[in-house]
1. Just subtract the alpha-carbon distance of GLN81 and GLU113 from 0.36 nm times their residue separation and send over the number in nm, one decimal.
2. If packing is taken as the mean number of other Cβ atoms within 10 Å per residue, what is the order of 75-87, 9-21, highest first?
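Just so it is clear, none of the values below were taken in a lab; they were calculated from the coordinates. Quantities reported herein were computed from a predicted structural model and do not represent experimental measurements. Here the Cβ is made from the backbone with ideal geometry for all residues, glycine too, and neighbour counts use every protein chain on show.
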Amino acid sequence: PGGSVQDALAMGRLIRARGFATEVPAGAYCASSCPLVFSGGVERRAGRNAALGVHQIYGAPPPAGTAPPDGMAQAQQVSAQCQRYLRDMGVDLDVWLRAMETPKDKLFYFTAEEMARLKLTTPAPGPLSTPAAAPVPPRG
C-alpha cells in the first residue's frame, strides 16, 4: 500500500514552491505515491538502477455504519487533481496513464529512458544546482 495522494500532492507542491530538487539515488526506490512527491522537484534525478513505480489509486473503506461515498466520482476527482498537478510540474501525462493501467496491488516501474522521455526526470549534465529535499535510503 502507498501513501495519501492528497498528502503527496501537497508535499510535491511545497517542494516546488521552495525550489528544491528531488533525487532517487542509485539503487533506491520511490513507489506508489512517492513519484507524485518526486515530481515536485525543480530538478528531478534518478540514479543508476533507481526504481520509480506507480499503480492505481485506491481509497480506504468507509468506517462501519457509514454510507459509502460515490467511489467513481471521488476517483475521477482525484485523478483530475493528479493530472493537473503533473501537468503543472512539467511531467508528461503518460506517467498517469501508466498508473491508471496498473492494478493497485502491482507496480509499473519506468525505465531510465521512459523517465527521461516522459519528463519524470530532468536533464542532468552535472550535480544538482538546487538542494535535494530529503535523502532517500537505499533499498534492500
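1. 8.9 nm
2. On the way: 75-87: 15.5, 9-21: 17.4.
With the highest mean Cβ count within 10 Å placed first, the list reads 9-21, 75-87.
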